[in-house]
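Below is one structure, written out as structure tokens, with a few remarks after it.
The values are calculated or read from the model by the stated rules, or taken from the named source; none is laboratory data. No experiment lies behind these values; they were computed from the predicted model shown. Cβ atoms come from the backbone with ideal geometry, glycine included; neighbour counts cover every protein chain shown.
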Amino acid sequence: MTHHTAPRPTTARFSQALRGAVKVPGDKSISHRSLMFGGLAAGQTRVTGLLEGEDVIRTAAAMRAMGALVEKTGSEWIIQGVGNGCLLEAAGPMDFGNAGTGVRLTMGLVGSYDMASTFIGDASLSKRPMGRVLDPLRQMGTQVLEAASGDRLPLTMRGAARPAPITYRVPVASAQVKSAVLLAGLNTPGITTVIEPVMTRDHTERMLKGFGAQLDVETGPDGVRHIRLEGRGKLTGQTIAVPGDPSSAAFPIVAALIVPGSDVTIENVLMNPTRTGLIITLQEMGGAIELINPRSAGGEDVADIRVRHSDLKGVAVPPERAPSMIDEYPVLAVAAAFAEGETVMDGLEELRVKESDRLAAVARGLEANGVDCTEGEASLTVRGRPGGKGYGGTGAATAVETHLDHRIAMAFLVMGLAAEKPVTVDDSGVIATSFPEFQGLMTGLGALIEAVEGAEA
Ligand code: S3P
């Protein structure tokens, strides 16, 4: 098991107008993939803007364990890859900490190598289902040698000695599952096909093409995507500038919308259309969000985002939008708590299997701080109160349980900035998995966030 430091209870308080221009760290999805594909490709990959959160650092360690050279020089990460098909067996267990994307994509990567790989992680990751990636990998020839019940970590697998290409229709809207199959396809002779009925983030497709993979995507009139990858081709090192993570930008964006008088700009944020569901939803709610200088950089859309405090109104969020904002529901629920009327979020079944059961964690956190909400099987309804009068509290009963989930911690700290009374989360340490700069960046804008006195680790 991985080592945990003591929990770090942290409180956010009603703050004066947030103001300033900031940059959020690099996109987590692109950062993981930069290290993986760079570690696999022949030659050198140079990456700037890499997210240096714990999750991504675990992926760097795993790629090193399998033969890649990964080092940081100045502000640049330089990766010397092994060449497609040439990963080495890791000498010991690969510890992915809290990182679902890291572990699931790496399982795919090694699923077509005749070698044993052992995966371990923290208490949150050890509860999460791995069957969703192991099922297709088994069809390609992977064997699971040992696992905790329900295909959970700790887990040891042996990739296929003679991997067989498959055609796999992804049964859940999951970019991790899609990506795991495609990555196993990289070392599989012939064409591996993934059929994706509901489009999810497409960084794997875009980046593999950039590294030289023979990959094509055909989208039918019904929107179903067929992604075909020819295995055993050459991948060549690339130069990558990772844009800011929209899933991290979500926190200062919502904070600026709900804290009176705020005017905040977040620079250089990834605007890939598979990631912009939150922005669209907040604009529908009446949020003053402007995209400034939209541009293309390194094959991705990026923009600066200016956000001003707004009177929000409740909306019904269409369930088909969920994949493009799947990580943003906790902070959307916080925005909804400050909106006039009801916000209905539906199609949320995947939230049950994130770093925590996010649907339950959000509902309990809202309730503990005085927000009127209803949790359904796969839905959440929030009845908002503009101004946040009566929200928040003090004492153990109102502290939000974060369940080792960085986004629960950040979402509720944002809530505290506009609630009448303080909002406390039981542990902000886990924020370092995706956004180590969160507290400093927010306080730099004027947010009042501090560790609970006497509870420092
Ligand atoms: C990710 C895919 C999503 C998302 C996660 C990152 C990725 O997970 O929640 O934070 O980089 O592929 P699912 O594939 O489980 O939806």
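Looking at the structure I just gave you, is Gly20 touching a helix residue (DSSP H, G or I) at 6+ places or on another chain (Cβ under 8 Å) and at positive phi?
yes
If I ask for residues that are assigned to a helix (DSSP H, G or I) and of a type in the set (A, V, I, L, M, F, W, C), which ones from the range 425-444 would you list?
Val430, Ile431, Ala432, Phe438, Leu441, Met442
Taking the range 129-148, which residues are in contact (Cβ under 8 Å) with a residue 24 or more places away in the chain, within 13 Å of the ligand (Cβ to nearest atom) and in contact with an Asp or Glu (Cβ under 8 Å, 6 or more places away or on another chain)?
Across the range 129-148, the qualifying residues are Pro129, Met130.
Look through the range 108-138, keep the residues that are among the charged types (D, E, K, R) and either surrounded by fewer than 22 Cβ atoms within 10 Å (Cβ to Cβ) or more than 23 Å from the chain's Cα centre (by Cα) (or both), and return whichever of them is nearest to Pro7 (Cα to Cα).
For the range 108-138, the residue satisfying everything is Lys127.
Determine, yes or no, whether Ala99 is surrounded by fewer than 16 Cβ atoms within 10 Å (Cβ to Cβ) and touching a residue at least 40 places away in the same chain (Cβ under 8 Å).
Spelling it out, it is not the case that Ala99 is surrounded by fewer than 16 Cβ atoms within 10 Å (Cβ to Cβ) and touching a residue at least 40 places away in the same chain (Cβ under 8 Å).
Considering (1) touching a Leu at 6+ places or on another chain (Cβ under 6 Å); (2) within 17 Å of Met66 (Cβ to Cβ), say which one Asp151 fails and leave the rest.
It is condition (2) that Asp151 fails.
Filter the range 77-97 down to the residues that are touching a helix residue (DSSP H, G or I) at 6+ places or on another chain (Cβ under 8 Å) and more than 23 Å from Pro136 (Cα to Cα), then identify the one that is farthest from the ligand (Cβ to nearest atom).
The qualifying residue farthest from the ligand (Cβ to nearest atom) is Ala91.
Of all residues in the range 20-69, count the ones that are among the acidic types (Asp, Glu) and more than 16 Å from the ligand (Cβ to nearest atom).
1
Ser296 fails exactly one of the following numbered conditions: (1) within 23 Å of the chain's Cα centre (by Cα); (2) under 15 Å from Leu18 (Cβ atoms); (3) hydroxyl-bearing (Ser, Thr, Tyr). What is the number of that condition?
(2)
Return the pair list, or none, for Cβ contacts closer than 6 Å from residues in the range 103-116 that are at pLDDT 95 or above to residues that are among the polar types (S, T, N, Q) and within 12 Å of the ligand (Cβ to nearest atom), at least 6 apart or on different chains.
Going by the 6 Å Cβ cut-off, the qualifying pairs are Arg104/Gln176; Leu105/Ser179.
When residues of the range 37-72 are filtered for being over 17 Å from Ser247 (Cβ atoms) and under 16 Å from the mean Cα position of the chain (by Cα), how many remain?
Taking the range 37-72 as the starting set, the residues that turn out to be over 17 Å from Ser247 (Cβ atoms) are 37-48, 57-58, 60-72.
Applying the additional criterion that residues be under 16 Å from the mean Cα position of the chain (by Cα) yields 57-58.
Final tally of qualifying residues: 2.
Select from the range 254-279 the residues that are more than 14 Å from the ligand (Cβ to nearest atom) and part of a strand (DSSP E or B) and write down the one among them that is nearest to Thr204 (Cα to Cα).
Across the range 254-279, the extreme among qualifying residues is Val269.
Take the residues in the range 197-207 that are in a helix (DSSP H, G or I) and in contact with a Lys or Arg (Cβ under 7 Å, 6 or more places away or on another chain), then tell me which one is nearest to Val264 (Cα to Cα).
His203
Based on what the data block shows, is Tyr168 within 16 Å of the ligand (Cβ to nearest atom) and either at pLDDT 95 or above or surrounded by 16 or more Cβ atoms within 10 Å (Cβ to Cβ) (or both)?
When the stated conditions are applied, Tyr168 passes them.
Could you tell me whether any residue of the range 322-340 is of a type in the set (A, V, I, L, M), touching a residue at least 24 places away in the same chain (Cβ under 8 Å), within 28 Å of Lys389 (Cβ to Cβ) and in contact with an Asp or Glu (Cβ under 7 Å, 6 or more places away or on another chain)?
Scanning the range 322-340 turns up no residue that is of a type in the set (A, V, I, L, M), touching a residue at least 24 places away in the same chain (Cβ under 8 Å), within 28 Å of Lys389 (Cβ to Cβ) and in contact with an Asp or Glu (Cβ under 7 Å, 6 or more places away or on another chain).
Considering the range 11-29 alone, what residues qualify as being in contact with a Gly (Cβ under 9 Å, 6 or more places away or on another chain) and either under 30 Å from Lys127 (Cα atoms) or without any contact (Cβ under 8 Å) to a residue 60 or more places away in the chain (or both)?
Here is the first cut: in the range 11-29, the residues in contact with a Gly (Cβ under 9 Å, 6 or more places away or on another chain) are 11-20, 22-28.
Result: Thr11, Ala12, Val24, Pro25, Gly26, Asp27, Lys28.
Is it the case that some residue within the range 128-146 is more than 21 Å from Val217 (Cβ to Cβ), β-branched (Val, Ile, Thr) and out of contact with any Phe, Trp or Tyr (no Cβ under 9 Å at 6 or more places or on another chain)?
Checking the range 128-146: at least one residue is more than 21 Å from Val217 (Cβ to Cβ), β-branched (Val, Ile, Thr) and out of contact with any Phe, Trp or Tyr (no Cβ under 9 Å at 6 or more places or on another chain).
For the range 208-253, enumerate the residues that are in contact with an Asp or Glu (Cβ under 9 Å, 6 or more places away or on another chain), outside any strand (DSSP E or B) and more than 15 Å from the ligand (Cβ to nearest atom).
Result: Lys209, Ala213, Val224.
Residues that are among the β-branched types (Val, Ile, Thr): list the strands (runs of 3 or more DSSP E) wholly contained in the range 1-110 that include at least 3 such residues.
Details: elements: 10-13, 19-23, 43-48, 69-73, 76-81.
Ranges flagged: 43-48.
Based on this model, can you work out whether Gly429 counts as under 18 Å from Ile253 (Cα atoms) and either without any contact (Cβ under 8 Å) to a residue 24 or more places away in the chain or surrounded by fewer than 22 Cβ atoms within 10 Å (Cβ to Cβ) (or both)?
No; evaluated as a whole, the condition is false for this residue.
If you check Gly244 against the conditions, is it at pLDDT 95 or above, of a type outside the set (Asp, Glu) and surrounded by fewer than 21 Cβ atoms within 10 Å (Cβ to Cβ)?
No; evaluated as a whole, the condition is false for this residue.
Looking only at strands (runs of 3 or more DSSP E) that lie completely in the range 340-424, which have at least 3 residues being among the acidic types (Asp, Glu)?
none
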